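Following: one structure in structure tokens, then a few remarks.
The values are calculated or read from the model by the stated rules, or taken from the named source; none is laboratory data. The model shown is predicted, which means the values in this text are computed figures rather than measured ones. Here Cβ is always computed from backbone atoms with ideal geometry, including for glycine, and neighbour counts include all displayed protein chains. The protein model used for the area step is the full one, side chains on, heavy atoms only, and it has no ligands, DNA or RNA in it. Shrake-Rupley method; radii C 1.70, N 1.55, O 1.52, S 1.80 Å.
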Amino acid sequence: MADHAEHPAYPVGLRLSGRRVVVIGGGQVAQRRLPALIAAGADIVLVSPSAKPSVEAMADTGEIRWERRLYAEGDLQGAWYALIASSDPAANLTASAEAERDRIWCVRSDDAEAATAWTPATGRSEGVTVAVLTGQDPRRSAAVRDAIVEGLRDGTLPAPHHRARTPGVALVGGGPGDPDLITVRGRRLLAEADVVIADRLGPRDLLNELPPHVEVIDAAKIPYGRAMAQEAINDALIEHAKAGKAVVRLKGGDPFVFGRGMEEIHALAEAGIPCTVVPGISSSISVPGAAGIPVTHRGVAHEFTVVSGHVAPDDERSLVDWAAIARLRGTLVLLMAVDKIGAIAQALIDHGKSPETPVALVQEGTTAAQRRVDATLATVGERARAEAVRPPAVIVIGEVVALGDGQ
């Protein structure tokens with residue numbers, strides 16, 4: 001056989017659906033390679049006297065057929081592709097010769113130079129398959145693959161769709177504020193957007209990364225200040241989506257945790273516009289965590305309750321049963337409650353909660369401006385005023401507050 005060392009491999013994508021693929025050896029290599037072959041729809045035959053438990057499970061569920069024996073010449077007959085990965089060098093050599101004779105593309109896990117095909121380092125992101133070959137340096141292949149896939153997933157590697165897109169809106173939860181805490185899918189959709197309608201509490205730093213052509217609409221609902229009416233937000237979403245734009249509605253936290261996300265979905269549905277929902281990390285859990293407070297802890301709190309504090313306990317619009325909340329023994333997390341915390345604390349005390357219950361106010365959690373103010377139910381109203389705590393802030397009430405160090 002001619003020396004092919006100086007020639008690069010020719011990259012190609014094999015369409016193996018319904019086609020016979022033979023895998024020899026049921027060890028670690030098979031364990032790693034079989035899932036991709038199964039995903040490709042191949043008709044897989046495994047020839048091996050033993051197999052890893054996960055490989056055996058694939059046979060038990062019917063994803064592959066398993067011949068529980070040693071390789072015998074002729075096993076590759078009718079195969080389109082072969083993976084030779086047994087621990088028997090003689091069997092590997094014989095099987096490789098059979099593949100060469102019958103012109104079957106063959107991967108050798110023990111001797112890449114003797115193979116007629118190499119397995120690239122492969123990754124996938126939203127319909128894109130990335131396959132990297134670097135000859136005899138598989139670690140570099142994997143590193144390059146990982147860098148490309150990560151860039152595609154988080155949007156740092158721009159790869160916009162160029163075919164016509166179905167008009168629609170992506171309702172993206174941006175997380176608690178730190179731009180690194182948006183989901184991978186959310187960041188990718190943001191990178192592909194033509195129009196972004198953003199709340200003040202979304203990860204604002206990500207807006208600076210958008211290309212110049214992206215239109216950013218400020219939908220900030222600043223407490224006690226100028227606000228864009230919800231109807232205007234709905235109208236903007238509908239208008240831009242009907243114009244064929246890729247629209248992202250970027251919200252803080254999770255769209256459905258006091259985020260009015262369902263109102264926007266209903267408006268879009270009435271206009272006949274499809275909407276994709278991308279959940280976000282809720283500040284009700286992430287901000288306490290960033291401040292060193294677990295919302296649950298063994299032997300301390302077996303539940304946590306998240307309550308909106310945007311209306312006072314004595315307000316006729318309140319839907320909260322504060323008497324029932326006061327009886328709970330777990331953790332209470334309040335959102336949008338900074339200016340009402342004194343009244344809320346007094347209501348909890350009036351309904352039987354201990355005035356000495358620990359309280360933490362975490363302002364602008366997960367961002368560089370994060371700060372924590374500690375108090376008790378008896379003192380939290382005055383402490384919040386004295387320390388000039390302002391929104392956005394998450395308030396945690398319960399014994400878990402004492403588990404983390406005050407800041």
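Just report the Cα centroid separation between the stretch 1-64 and the stretch 262-304, whole Å.
41
List the residues whose amide H sits under 5 Å from the amide H of R371, counting only those 5 or more places along or on another chain, with H placed 1.01 Å from N in the peptide plane.
Those lying under 5 Å, H to H, from R371 are Q363.
About the Cα centre of the chain, what is the dipole size in debye to 20, counting +1 per Lys and Arg Cβ and -1 per Asp and Glu Cβ, all else neutral? Walk me through the numbers before you get to the answer.
Numbers: 42 positive and 51 negative charges, 45 e Å.
Approximately 220 debye in magnitude.
Can you tell me the accessible area per residue over the chain, all protein chains present, probe 1.4 angstrom, in square angstrom? Each step should come with its number before you reach the end.
Details: 21850 Å² over 407 residues.
Value returned for the chain: 54 Å² of accessible area per residue.
Can you give the % of DSSP beta bridges in the chain that are antiparallel, to the nearest 5?
Numbers: 23 of 62 bridges.
Approximately 35 percent, going by the DSSP bridge assignments.
How large a share of the accessible area of the chain, in percent, is made up of carbon and sulfur atoms when the probe is 1.4 Å and the other protein chains stay in place?
On the way: 11430 of 21850 Å².
Roughly 52 percent of what the probe reaches on the chain is carbon or sulfur.
DSSP beta bridges in the stretch 77-156, what fraction antiparallel, as a percent rounded to 5? Provide the component values of the computation, followed by the final result.
On the way: 5 of 9 bridges.
DSSP beta bridges in the stretch 77-156 are roughly 55 percent antiparallel.
Figure the gain on full extension for A9 and D205 (residue separation times 0.36 nm, minus the Cα-Cα span) and round it to one decimal in nm. Don't jump to the answer; show the numbers that get you there.
Working: separation 196, 0.36 × 196 = 70.56 nm, distance 4.25 nm.
66.3 nm is the gain from fully extending A9 to D205.
Near K353, which aspartates and glutamates are there with a Cα under 13 Å away, not counting those fewer than 8 places off in the same chain?
Hits, sequence-local ones excluded: E399.
Which cross-chain or sequence-distant (5 or more) residues have an amide H under 5 Å from the amide H of I104, H modelled 1.01 Å from N in plane?
Placed amide hydrogens put nothing under 5 Å from I104.
Provide the per-residue ³J(HN,Hα) series for the stretch 323-340, in order, calculated from phi with Karplus coefficients 6.51, -1.76, 1.60 and θ = phi - 60°, each as a whole number of Hz, with x at glycine and proline positions.
Running phi through 6.51 cos²θ - 1.76 cosθ + 1.60 with θ = phi - 60° gives 5, 5, 4, 5, 7, 5, 9, x, 9, 10, 10, 10, 10, 6, 10, 4, 7, 10 Hz.
So what is the relative contact order for the chain, in percent, with contacts set as C-alpha pairs under 8 Å and at least six apart? Can you show the working numbers first?
Values: 786 pairs, mean separation 41.4, N = 407.
Relative contact order here is 10 percent.
Could you check how many percent of all C-alpha pairs in the chain are farther apart than 34 Å?
Numbers: 43158 of 82621 pairs.
In whole percent, the share of Cα-Cα pairs in the chain beyond 34 Å is 52.
Using a ≥ b ≥ c from the Cα gyration tensor of the stretch 358-403 (square roots of the eigenvalues), is it rounded, prolate or oblate, where a/c under 1.5 gives rounded and otherwise the larger of a/b and b/c decides, a/b for prolate? Before the final figure, lay out the partial values.
On the way: a/c = 2.40, a/b = 1.24, b/c = 1.94.
Oblate is the answer for the stretch 358-403, as a/c is 1.5 or above yet b/c matches or exceeds a/b.
List the residues, sorted by chain then number, that are 5 or more residues from V23 or on another chain and whose placed amide H is less than 5 Å from its amide H.
Amide H to amide H, under 5 Å and 5 or more residues apart or across chains, V23 pairs with V45, L46, V47, L83.
Can you pull the one-decimal nm distance between simple spin-label points at A112 and A271, each 7 Å off the Cα toward Cβ?
In this crude spin-label approximation the distance works out to 5.2 nm.
Pop out the ³J(HN,Hα) list for the stretch 173-187 in order, Karplus 6.51 cos²θ - 1.76 cosθ + 1.60 with θ = phi - 60°, rounded to Hz; leave Gly and Pro as x.
Using θ = phi - 60°, the values come out as x, x, x, x, x, 5, x, 6, 9, 6, 5, 4, 5, x, 5 Hz.
Taking a ≥ b ≥ c as the square roots of the Cα gyration tensor eigenvalues, with a/c under 1.5 meaning rounded and otherwise prolate when a/b beats b/c, else oblate, which class fits the stretch 291-367?
Judged from the Cα gyration tensor, the stretch 291-367 comes out oblate (a/c at least 1.5, b/c at or above a/b).
Under 1.5 on a/c is rounded, so check that first for the stretch 37-158, then, if it is not, pick prolate when a/b is larger than b/c and oblate when it is not; a ≥ b ≥ c are the square roots of the alpha carbon gyration tensor eigenvalues. List each step's numbers first, then the result.
On the way: a/c = 2.32, a/b = 1.59, b/c = 1.46.
It is prolate, given that a/c is not under 1.5 and a/b is the larger ratio.
Rounded to the nearest 500, what is the 222 nm mean residue ellipticity of the chain from helices alone, with -39500 (n - 2.57) per DSSP H run of 4+ residues and division by all residues?
Estimated from H runs of four or more residues: -8000 deg cm²/dmol.
Report the extension gain between H213 and L93 in nm, rounded to one decimal, defined as 0.36 nm multiplied by the number of residues separating them, less their alpha carbon distance.
Numbers: separation 120, 0.36 × 120 = 43.20 nm, distance 5.79 nm.
Here the answer is 37.4 nm.
Give me the aspartates and glutamates in straight-line cross-link reach of K245: C-alpha distance below 12 Å, same-chain residues under 8 apart excluded.
By straight Cα distance, K245 reaches E192, D194, E215.
Under the Karplus relation 6.51 cos²θ - 1.76 cosθ + 1.60, θ = phi - 60°, what is the ordered set of whole-Hz ³J(HN,Hα) values for the stretch 239-251, x standing for Gly and Pro?
Values per residue, Gly and Pro as x: 4, 6, 5, 5, 7, x, 7, 7, 10, 10, 9, 8, 10 Hz.
Output the Kirkwood hydrodynamic radius of the stretch 218-348, Cα pairs only, in Å rounded to one decimal. Please list the in-between numbers first.
Working: mean 1/r = 0.0582 Å⁻¹.
About 17.2 Å, per the Kirkwood formula over Cα pairs.
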